[in-house]
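Throughout, read-outs are computed from the coordinates displayed, never taken from laboratory work. Computed from a predicted structure; not experimentally measured. Heads up, the Cβs are rebuilt from the backbone with ideal geometry, glycines too, and the neighbour counts pull from every protein chain shown.
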Amino acid sequence: MKRIIKFRVYSKDTKEMFQPHAFIEDYQKRDDVVLMQYTGLKDINGIEVYEGDTIKYNNRKYNVKWHIDRFGMQNPKSSDYLWFDNYSKRARNDNSEIIGNIYENNA
């Protein structure tokens, strides 16, 4: 199985999200954008989950973050994480829904 590696970009200037149209390295050098990596997961509606997304999971809100060596969902009211590798694929797909992201609409 191949791991899909892709990104989206948030422009701090225009306040818009877009797909990168240059090499990722070109964006890493810029201070006016934020790169967000795809986690390899989709929510209940089939929408790709990226770093920076806000997810509703079991009636709680979590922010998707990269922490040390893996993606997880952090409760914004605490430092607690739910690691993507610690709950079943079925639970991810059946109970998680993207409700926003931390840049455009802090849900």
Taking 7 Å along the Cα-to-C-beta vector as the label spot, tell me the ASP69-ASP32 distance in nanometres, rounded to one decimal. 3.8 nm
So for the range 1-44, using the alpha carbon gyration tensor with a ≥ b ≥ c as root eigenvalues (a/c under 1.5 gives rounded; past that, a/b versus b/c decides prolate or oblate), I'd call it oblate
Averaging 1/r across every pair of distinct alpha carbons in the chain and inverting yields a Kirkwood hydrodynamic radius, in angstrom, of 14.4 Å
Eligible aspartates and glutamates near LYS6 by straight Cα distance, threshold 18 Å, same-chain separation 8 or greater: GLU16, GLU25, ASP26, ASP43, GLU48, GLU51, ASP53, ASP69
By Cβ neighbour count within 10 Å, fewest first, ILE55, ILE4 rank ILE4, ILE55
Within the range 7-101, how many lysine pairs that are 8 or more places apart, or on different chains, have C-alpha atoms less than 21 Å apart? 16
